[in-house]
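Q: Handing you a structure now.
The values are calculated or read from the model by the stated rules, or taken from the named source; none is laboratory data. None of these values were measured; they are calculated from a predicted model. Cβ atoms come from the backbone with ideal geometry, glycine included; neighbour counts cover every protein chain shown. With ligands, DNA and RNA removed, areas are computed over all heavy atoms of the protein, side chains included. Shrake-Rupley method; radii C 1.70, N 1.55, O 1.52, S 1.80 Å.
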Amino acid sequence: MSTTSESYLVGLIGEGITRSLTPPMHEAEARRHGLHYLYRPIDLEVIGRPAQDVGELLRAGRDVGFNAFNITHPCKQLVLGHLDDVAPEAAALGAVNTVVIRDGRFVGHNTDQTGFAAGLRAVLPGAAKDRVVQVGTGGAGSAVASALLAAGVGTLHLFDVDPGRATERAAALGRTFPDRTVAAATAQALPELVADADGVVNATPVGMHHHPGTPVDTEWLQARQWVADVVYLPVETQLVAAARSIGCQVLDGGHMAVGQAVDAFRLITGVEPDRDRMRAHFLELLGSQPR
Ligand code: NAD
């Protein structure tokens, strides 16, 4: 274990995030590296501030010595207007979830995207990526779709109950990845697209404790496919459980949640975190979560 006299003050800005697992994940990992690291949730609902105040909060944080912030719903797009520099993948996505303060300057990153990509590489190495179907194209879905294309997916079909959102996302991703096929899918086409896909991804809230069910009919799945979920409350969603029982390879939503924290921790401290240890701690924290 290394020790350093440097200390870190980090915040998470977003709505309804008081019980987020990200602060304890960072703090526990920092302790294992001998770092003085304090990570506080700054819940807009608790302090009674609108999302539009994110820039003001960043500047106030910088002035009192914060090193970095994670940014979550509903500020991931709003924060862009307050940054001095943005990493290319975050700029292309138009969303930032990590702001590192260097020499008083705000530098934005998107570790939702890099974190999902890291999970995909680690858990599903060599997964076929010719054809993937993703359901859900909101905040998480945008980061995941971008990560899938950056990871080499050739044809990506996007389905959303809000068809305009899927169409708009497909068009934007098609511009960023002009050598791939990115298209919105209709509900009618979905069963056949899923059956033909190498991988199926859920980026909707369906499967959460308070939103049970599966985003696609699990009868459409086959053992040769891989299935990824972004939902991590619970980590074993109905989709993940069904896919596992069919014999599919699975990437549960915990990998993205841990992956974003791993990449943010590295950006903030320059220290390489232990992914497996953070995942184990995350699962422990989940076990003690009220539903
Ligand atoms: P969001 O509201 O921005 O997007 C959800 C999208 O799913 C919307 O476009 C909605 O129209 C669509 N949708 C909902 N039900 C659908 C259905 N049955 N079929 C097709 N489309 C449907 O939400 P978000 O912020 O993207 O969050 C989505 C989920 O991802 C939540 O459960 C959240 O907890 C989870 N999440 C996980 C991580 C992680 O690190 N693992 C990170 C962010 C969000």
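Q: Within region 179-187, identify whether any single residue is more than 18 Å from the chain's Cα centre (by Cα), within 12 Å of the ligand (Cβ to nearest atom) and not small (Gly, Ala, Ser), and answer yes or no.
A: The answer is yes, given that some residue of region 179-187 is more than 18 Å from the chain's Cα centre (by Cα), within 12 Å of the ligand (Cβ to nearest atom) and not small (Gly, Ala, Ser).
Q: Go through region 138-158 residue by residue and tally those that are open to solvent by 30 Å² or more (accessible area, probe 1.4 Å) and touching a strand residue (DSSP E or B) at 6+ places or on another chain (Cβ under 6 Å).
A: The qualifying residues number 2.
Q: Could you figure out which of (1) loosely packed, with under 13 Cβ neighbours inside 10 Å; (2) more than 20 Å from Phe265 (Cβ to Cβ) isn't true of Leu78?
A: Every condition holds for Leu78 apart from (1).
Q: Of all residues in region 217-237 being open to solvent by less than 10 Å² (accessible area, probe 1.4 Å) and more than 17 Å from Val144 (Cα to Cα), which is nearest to the ligand (Cβ to nearest atom)?
A: Selected residue: Thr237.
Q: What number of residues within region 180-207 are among the hydroxyl-bearing types (Ser, Thr, Tyr) and under 21 Å from Ala128 (Cα atoms)?
A: The total comes to 1.
Q: A further question follows. Does Ala184 fit the bill of being surrounded by 15 or more Cβ atoms within 10 Å (Cβ to Cβ), touching a His at 6+ places or on another chain (Cβ under 8 Å) and without any contact (Cβ under 8 Å) to a residue 60 or more places away in the chain? Write out each step before concluding.
A: Values: surrounded by 15 or more Cβ atoms within 10 Å (Cβ to Cβ): yes; touching a His at 6+ places or on another chain (Cβ under 8 Å): yes; without any contact (Cβ under 8 Å) to a residue 60 or more places away in the chain: yes.
So Ala184 fits the description; yes.
Q: Which residues, taken from region 245-275, are on the phi > 0 side of the Ramachandran plot and charged (D, E, K, R)?
A: none
Q: Only one of Gly199, Gly213 is closer than 22 Å to Thr114 by Cβ, small (Gly, Ala, Ser) and in the same structural domain as Leu149 (by TED's automatic domain parsing); which?
A: Gly199
Q: Still on this structure: Could you go through region 116-128 and let me know if any residue there is of a type in the set (D, E, K, R) and surrounded by fewer than 23 Cβ atoms within 10 Å (Cβ to Cβ).
A: Checking region 116-128: at least one residue is of a type in the set (D, E, K, R) and surrounded by fewer than 23 Cβ atoms within 10 Å (Cβ to Cβ).
Q: Residue check, His33 against (1) more than 30 Å from Glu272 (Cβ to Cβ); (2) open to solvent by 20 Å² or more (accessible area, probe 1.4 Å), all met but one. Which one?
A: (1)
Q: Condition (residue is closer than 30 Å to Leu193 by Cα and assigned by TED's automatic domain parsing to the domain that holds Pro23) applied to region 135-151: is it met by at least one residue?
A: Taking every residue of region 135-151 in turn, none turns out to be closer than 30 Å to Leu193 by Cα and assigned by TED's automatic domain parsing to the domain that holds Pro23.
Q: OK, next. So, Arg40, is that one open to solvent by 60 Å² or more (accessible area, probe 1.4 Å) and under 22 Å from the mean Cα position of the chain (by Cα) or not?
A: yes
Q: A further question follows. Within region 54-75, take every residue that is open to solvent by 30 Å² or more (accessible area, probe 1.4 Å) and in contact with a helix residue (DSSP H, G or I) (Cβ under 8 Å, 6 or more places away or on another chain) and give me the one that is nearest to the ligand (Cβ to nearest atom).
A: His73
Q: Looking at region 199-213, which of its residues are within 9 Å of the ligand (Cβ to nearest atom) and surrounded by 14 or more Cβ atoms within 10 Å (Cβ to Cβ)?
A: If the condition is that a residue be within 9 Å of the ligand (Cβ to nearest atom) and surrounded by 14 or more Cβ atoms within 10 Å (Cβ to Cβ), then Asn202, Ala203, Thr204, Pro205, Val206, Gly207, Met208 are the ones that fit.
Q: Right, next: Condition check: of a type in the set (Val, Ile, Thr), farther than 26 Å from Ser7 by Cβ, within 14 Å of the ligand (Cβ to nearest atom) and buried (at least 24 other Cβ atoms within 10 Å of the Cβ). Does Val135 satisfy that?
A: yes
Q: Name the single residue that is farthest from the ligand (Cβ to nearest atom) among those in region 121-132 being among the hydrophobic types (A, V, I, L, M, F, W, C) and touching a strand residue (DSSP E or B) at 6+ places or on another chain (Cβ under 6 Å). Please lay out each step first, then the result.
A: To start, the set of residues in region 121-132 that are among the hydrophobic types (A, V, I, L, M, F, W, C) comprises 122-124, 127-128, 132.
Still in the running and touching a strand residue (DSSP E or B) at 6+ places or on another chain (Cβ under 6 Å): 123-124, 127, 132.
Numbers: Val123: 13, Leu124: 15, Ala127: 18, Val132: 15 Å.
By that ranking, first place goes to Ala127.
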